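Worksheet for the structure shown next.
The values are calculated or read from the model by the stated rules, or taken from the named source; none is laboratory data. Since the structure is predicted, the reported quantities are computational estimates derived from the model, not experimental observations. Ideal geometry is used to build each Cβ from the backbone, glycine not excepted, and the neighbour counts take in all protein chains shown. Side chains included, ligands, DNA and RNA excluded: accessible areas come from the protein's heavy atoms. Shrake-Rupley method; radii C 1.70, N 1.55, O 1.52, S 1.80 Å.
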Amino acid sequence: MSKGFVAVAGATGGLGQLIAKALRARNVPVKALVRLNTSPSRISKLHDIGVKISPVDLSDVPTLTNELEGAICVVSALQGLKDVIHTAQGNLLDASVAANVPRFIPSDFSLDFTKTAPGSNRNLDLRREFHPRLDASGIAWTSIFNGGFMDLLGGESPMINDKTRKVAYIGSDSQLVDFTTMVDTAAFTAAVATDPNPTPRYLRIASDVVSPRDIANVKSEVYGAKYQPSYMGPVWVIERMIPVMRLFGGEDKVMNAWQGMQYMTNMYSGVAKAKGLDNDRYPEIKWTKLVDFIRADKEKKQTA
């Protein structure tokens with residue numbers, strides 16, 4: 001698969017841009033499928049690294065098919081609700097099949113939802129429900145499960161309060177959770193997209209596997225101040241609160257309070273914990289340990 005190009009849908013998003021960058025680092029031609037009338041400021045970084053920009057209407061399958069002629073892989077980094085994950089991504093899949101693209105990587109970048117119960121996470125359910133359509137298409141496809149994005153532990157983290165030096169968790173502070181940086185996820189995705197060999201249907205990765213207690217210890221080490229895990233209650237209590245929270249709305253938002261609670265229950269119950277990782281599949285990828293990520297985040301904050 002050394003010839004041809006990789007098409008990336010959703011390339012103006014955070015992960016999509018990093019995937020395009022990782023592909024260009026491998027000297028692979030990249031075509032970014034962007035929405036019509038996308039602001040030039042959102043595509044300037046893609047232009048700068050040599051990505052070809054193709055404005056498209058994701059409802060126009062014939063035009064999408066023409067754009068995908070010659071692609072060796074289509075990577076979907078689209079983010080949204082049913083209209084995006086099912087409809088827009090479905091059109092992208094149909095066009096990929098019509099253009100005889102050999103490989104498709106859906107926008108499944110998250111927890112391992114092959115193990116989560118239907119109904120326990122709205123966003124993950126949408127992705128799981130798309131899989132029968134992938135099966136029926138006949139295209140070779142690979143989902144990449146990266147656990148939680150480690151990036152959520154940096155900046156203004158929803159999980160770490162730097163003022164109180166608390167690391168929020170539910171359940172047990174020793175529960176191991178898979179975390180992967182967006183950069184590492186993008187590097188692995190680029191490797192899968194350009195792999196000359198068949199790839200498995202599911203691949204599972206993690207930059208690091210840590211517990212809330214581990215996170216607190218790393219923060220303490222890097223900042224030289226004591227951080228502690230902060231217990232927010234048992235998993236089952238949070239699970240019972242979610243239906244009540246949903247009564248107040250938020251169904252039209254990709255991320256809201258109850259959706260965040262669904263991710264927390266999936267993570268801290270241990271249900272979505274990968275039982276085996278595929279980190280060694282591409283030896284050239286150097287995985288980011290939590291301590292190195294926290295150190296880099298600290299430097300970023302100090303220079304901001």
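Looking only at region 88-126, how many residues end up being over 19 Å from MET245 (Cβ atoms), open to solvent by 20 Å² or more (accessible area, probe 1.4 Å) and of a type in the set (D, E, K, R)?
Looking only at that region, the number is 2.
Is it fair to say ARG26 is at pLDDT 95 or above, open to solvent by 70 Å² or more (accessible area, probe 1.4 Å), under 24 Å from ASP184 (Cα atoms) and under 23 Å from the mean Cα position of the chain (by Cα)? Outline the logic, then answer.
Numbers: at pLDDT 95 or above: yes; open to solvent by 70 Å² or more (accessible area, probe 1.4 Å): yes; under 24 Å from ASP184 (Cα atoms): yes; under 23 Å from the mean Cα position of the chain (by Cα): yes.
So ARG26 fits the description; yes.
For the subset of region 202-240 comprising residues that are out of contact with any Ser or Thr (no Cβ under 6 Å at 6 or more places or on another chain) and part of a loop (DSSP other than H, G, I, E, B), which member is most open to solvent (accessible area, probe 1.4 Å)?
Ranking the qualifying residues of region 202-240, first place goes to MET232.
Residue by residue, here is whether (1) farther than 24 Å from LEU124 by Cα; (2) in contact with a Gly (Cβ under 9 Å, 6 or more places away or on another chain) holds:
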position: LEU15; (1), (2): no, no
position: ARG26; (1), (2): yes, no
position: PRO29; (1), (2): yes, yes
position: ALA32; (1), (2): yes, yes
position: THR38; (1), (2): yes, no
position: SER96; (1), (2): no, no
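Do we have LEU126 as among the aliphatic types (A, V, I, L, M), out of contact with any helix residue (DSSP H, G or I) (no Cβ under 6 Å at 6 or more places or on another chain) and assigned to a helix (DSSP H, G or I) here? Before the answer, list the steps.
Details: among the aliphatic types (A, V, I, L, M): yes; out of contact with any helix residue (DSSP H, G or I) (no Cβ under 6 Å at 6 or more places or on another chain): no; assigned to a helix (DSSP H, G or I): yes.
The answer is no for LEU126.
Which one of these does SER41 not meet: (1) part of a helix (DSSP H, G or I); (2) open to solvent by 10 Å² or more (accessible area, probe 1.4 Å); (3) hydroxyl-bearing (Ser, Thr, Tyr); (4) at pLDDT 95 or above?
(4)
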